[in-house]
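The values are calculated or read from the model by the stated rules, or taken from the named source; none is laboratory data. None of these values were measured; they are calculated from a predicted model. Here Cβ is always computed from backbone atoms with ideal geometry, including for glycine, and neighbour counts include all displayed protein chains. For the accessible areas, the whole protein counts, side chains as well, though only heavy atoms, and no ligand, DNA or RNA atoms are used. Shrake-Rupley method; radii C 1.70, N 1.55, O 1.52, S 1.80 Å.
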Amino acid sequence: MDAQQQQEELKTLQEKYQARAEALGAELGVRLSETAKQETSALPFVRSRDSAGTQPSDACLVRVLQWNILAGGLSNDGFLVRNILRETSDKDFQTVVEQVVKARENGEDMQVLKEKLASPESSVNHSIVLDWSLRWTRMQLYIAVAVPDIITMQEMDHMCQAEQDLGRLGYDCALPGRRYCAAHDNMENYMSNRADPPTFFKHLTQTGAAFVPKTNSQCRLLGGGDDDGVAVFWRRDVFEVARVEFLVYEDAKRNQGAVRVRLRHRAKGTEMSVICAHLNSGSSAKDEQKRLHQWCDGSLSQDGGRTGPSLKEWFTESAESIPTLCCMDSNSAPGQQFELWKELCCLSAEGADNLWTGYYDAEGRNTEAPAPVTTNKMRGPLSGQPKKIGEHACGAIDNIVFSKHLAVAQFAWKPLTYATEEEALEDLLPSLNVPSDHMPVIVDFKLDV
């Protein structure tokens, strides 16, 4: 896709985004505030590749976009979002946030809080901000503006749509001549309530798409069109795909895992690997141990045995031979949970690094303030998860681990930082500008060739 075509696609997406926002308002009998209209017309700001400086002849820039996009099937969960239907002050929004936080701290009955604060207007407001079509169009705007060479996504539950829409923007996500096929339509024994690694591996291999779903996912049960999973896309005019491989976690309830794609740079001939993973969620010590298990302990083999490599071994094995990226939502923030962070820092002995070592030491202590965050969210009275209402999730849980022969040239989309918790609470996600409960992480890497 040349520069003119990119500009035409960008204009089309911008018009589509504004039209969808207006149409949603009309369908629901409301109008967006002037502030909200201005927000829908603004494009994301992404630094140009030129700002990374001139690269030597033995290196090139590779732009990577890593994003947990918030699955459509998981988005109707009562996130606290700003009022886009009428002009309100920051104080109005903060009053609601403070009431929710105070109720949580005091151990109040969240059902009482819900009856007090939930309203028809707040429900309509939430449904517009979290509308899948609106959010997906905004995500495509980010992609059209940034033009990343590689895209990794977690919680992708519209893979058929993504394959088509991003294909139009110049991206591939499967081996030549192959296309994504949903597991729930094509995999044998899909409805089984237990993991079935041999059948799962067979389905993934036959499909040939760089996507690994969570079968029988909560996302699909809640109304998503498909299971959510991890996906990798690449610009077809920059890279050609050599191999797509899969890793399956040990999980008694469902099949899930990670994907690894081996790419060849068309202009330079250099090969590199990209891994996309999504580790277990939760803020407890037990949840952190589950994440450690996924990172450090063996995975399932194609015969169902426990002889497959760990995610860490998968990364280091690849990194020994070619430049390798592991892009993930780790669900573990340095400074909040420490065990996984320590494991990631240990990779420095093998010449690997990750995005946040400049902000935290090996013990997770903040060394440069303010530290970046990749998620900043809070569930409110509309949430169906009472235990999570008022819990402020804010930290750098999305990360990219990279091997030697790769180095960060610049953050093309500057990570958000907040000087205080109060400042962060004034800027909660999702929003019209950032259509997920995670920020996109957009990085230019210098690749030795």
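Within a Cβ distance under 15 Å of Ser51, other residues only, what is the Lys/Arg minus Asp/Glu net charge? Write out the running numbers ahead of the final one.
Working: positive: Arg47, Arg49, Arg63, Lys414, Lys446; negative: Asp50, Asp444.
Computed value for this residue: +3.
Taken as Cα centroids, segment 157-228 and segment 20-45 sit 32 Å apart, rounded to the nearest whole angstrom.
With only Lys, Arg, Asp and Glu charged, each at its Cβ (+1 for the first two, -1 for the last two), find how big the charge dipole of segment 112-195 is about the Cα centre; round to the nearest 20 debye. Could you put the intermediate results ahead of the total?
Working: 8 positive and 11 negative charges, 22 e Å.
Value, rounded to 20: 100 debye.
Between Gly257, Gly395, Gly335, the GNM of the chain built on Cα springs shorter than 10 angstrom shows Gly335 fluctuating the most. Selection among Val145, Pro440, Gly364 by position relative to the dipole of the chain gives Val145 as farthest towards the positive end (Cβ unit charges, Cα centre).
Based on the inverse mean of 1/r over its pairs of different Cα atoms, what is the Kirkwood hydrodynamic radius of segment 375-441, in Å?
Values: mean 1/r = 0.0720 Å⁻¹.
Across segment 375-441, the inverse of the average 1/r is 13.9 Å.
Loop-resident GluC sites (Glu not before Pro) (DSSP state other than H, G, I, E or B) in segment 85-136 with no more than 12 further Cβ atoms inside 10 Å of their Cβ: Glu87.
In percent, how large is the relative contact order of the chain, given Cα pairs closer than 8 Å and 6 or more residues apart? Working shown, then result.
Details: 927 pairs, mean separation 96.5, N = 449.
21 percent.
Expressed as an acute angle from 0 to 90° and rounded to the nearest 10, what is the orientation of the C-alpha long axis of helix 120-129 relative to the principal long axis of the chain? Result, in degrees: 30. Computed over the alpha carbons of segment 239-336, Rg followed by Dmax gives 14.7, 46 Å. Two numbers describe the Cα atoms of segment 145-207: Rg and Dmax, which are 13.9, 42 Å. Each listed q (0.11, 0.18, 0.19, 0.21 Å⁻¹) maps to a log10 I(q)/I(0) for segment 155-291, found by the Debye formula over equal Cα scatterers with no solvent: -0.41, -1.01, -1.11, -1.28.
Taking the protein heavy atoms of the chain in the context of the full set of protein chains, the accessible area attributed to carbon and sulfur is 46 percent at 1.4 Å.
Ranked by the mean number of other Cβ atoms within 10 Å per residue, highest first, peptides 27-34, 297-304 order as 297-304, 27-34.
The translational diffusion coefficient of segment 69-447, from Stokes-Einstein at 20 °C and 1.002 mPa s with a Kirkwood hydrodynamic radius over alpha carbon pairs, comes to 100 µm²/s. Taking the centroid of alpha carbons for each part, segment 405-442 and segment 90-123 are 25 Å apart.
Annotation: for a label point projected 7 angstrom from Cα along Cα→Cβ of Leu43, residues of segment 418-449 with backbone N closer than 20 Å are 432-435, 440-444. In this Cβ point-charge picture (+1 for Lys and Arg, -1 for Asp and Glu), segment 324-393 has a dipole of about 520 debye about its Cα centre.
Could you report the chain's accessible area per residue, 1.4 Å probe, as an integer in Å²?
Numbers: 19130 Å² over 449 residues.
Ligands and nucleic acids excluded, the result is 43 Å² per residue.
Which of the trypsin sites (Lys or Arg not before Pro) across segment 243-301 are loop residues per DSSP, with 11 or fewer other Cβ within 10 Å?
Details: sites: Arg243, Lys253, Arg254, Arg260, Arg262, Arg264, Arg266, Lys268, Lys286, Lys290, Arg291; in loops: Lys253, Arg254, Arg266, Lys268.
When the trypsin sites (Lys or Arg not before Pro) of segment 243-301 are filtered for loop state and at most 11 Cβ neighbours within 10 Å, Lys253 remain.
Relative to the longest principal axis of the Cα atoms of the chain, the long axis of helix 90-105 lies at roughly 80 degrees.
Helix 3-27 and the longest principal axis of the Cα set of the chain meet at an angle near 30°. Choose one answer from Leu166, Leu175, Leu222: the residue with the largest mean-square fluctuation in a GNM of the chain with alpha-carbon springs under 10 Å. Residue with maximal mean-square fluctuation among Leu166, Leu175, Leu222: Leu222. Taking a straight Cα-Cα cut-off under 24 Å and skipping sequence neighbours fewer than 8 places away in the same chain, the lysines within cross-link reach of Lys404 are Lys268, Lys312, Lys342, Lys414, Lys446. For Lys290, a cut-off of 16 angstrom between C-alpha atoms picks up these aspartates and glutamates, skipping any fewer than 8 places away in its own chain: Glu250, Asp251, Asp329, Glu339, Glu343. Only Lys, Arg, Asp and Glu carry charge here, each on its Cβ (+1 for the first two, -1 for the last two); on that basis the chain has a dipole of about 640 debye about its Cα centre.
Express the C-alpha Rg of segment 322-449 as a ratio against the empirical globular expectation 2.2 N^0.38 Å, rounded to two decimals.
Working: Rg = 15.7 Å, N = 128, 2.2 N^0.38 = 13.9 Å.
Normalised by 2.2 N^0.38 Å, the Cα Rg of segment 322-449 equals 1.13.
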